[in-house]
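A.B. asks: First the structure, which I've put down as structure tokens, then a few questions once you've had a look.
Read the figures in this text as sums done on the coordinates, not as results from a lab. Since we're looking at a predicted model, the values are computed, not measured. Note that each Cβ is placed from the backbone with ideal geometry, even for glycine, and that neighbours are counted across all protein chains shown.
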Amino acid sequence: MPKYSAHAIFCDDVRREQGGAMSLMGVYGSVAQRVATHPLRLGCVVVINCEIGEDISGLKVELIAHTDGSPLPVVNAFPSLPAGKTRPDAVTQALIDRFDGDPPGGAPTTTMVGILQAEGIQFDKSCVFSAQIDGAEIGRLVFFKQETVSSAGSSSPAKAAKRMKSAARSEGLVRKVAAKRKKAAD
């Protein structure tokens, strides 16, 4: 099992800029609750950090969406990671060479970035997104359907409580499915 650390960044859009830079538009927190309009479009960027020479090519990276408490998730697989052991980029290799393999700050690490755009996602009440690596969750985002506002300027407390209960059921299902998938993988 490779040693790595990872996190997910959820956003509205990912754009490639000239010169190879990435711009993330409308970034959400790693655990957040947002009101959404339809159809939903979501970008997910997964960042995996590991030591140089670590083979992470076998990791299965997915974005799982549970809509309205459905026990059957929509699974979006990220593109496969490059085969073989990780290698340093040109700048990191120059740093390693300059300090005879022992640069200041310790052994260098490498970073792999995966990008997935999920589009046209429809739901009635809530949608829970879970970014996972080999069935282990590394990030989560919850969306609620936008409610109409009453003439008094606020939505009904009963509707808000019902919406939160539905989202909690969806989150519970995400955890159960992730546990089953992890157990099946072991």
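A.B. asks: At q = 0.12, 0.26, 0.27 Å⁻¹, work out log10 I(q)/I(0) for segment 1-88 with the Debye formula, treating every Cα as an identical point scatterer and leaving solvent out; two decimals please.
C.D. replies: Reported log10 I(q)/I(0), two decimals: -0.50, -1.39, -1.41.
A.B. asks: Could you sort the peptides 121-128, 53-60, 98-105 by per-residue average Cβ neighbour count (10 Å cutoff), highest mean leading?
C.D. replies: 121-128, 53-60, 98-105
A.B. asks: OK, next. If I stretch the segment between Arg15 and Val27 completely, what's the gain in nm (0.36 nm per residue apart, minus their alpha carbon distance), one decimal?
C.D. replies: Full-extension gain reported as 3.1 nm.
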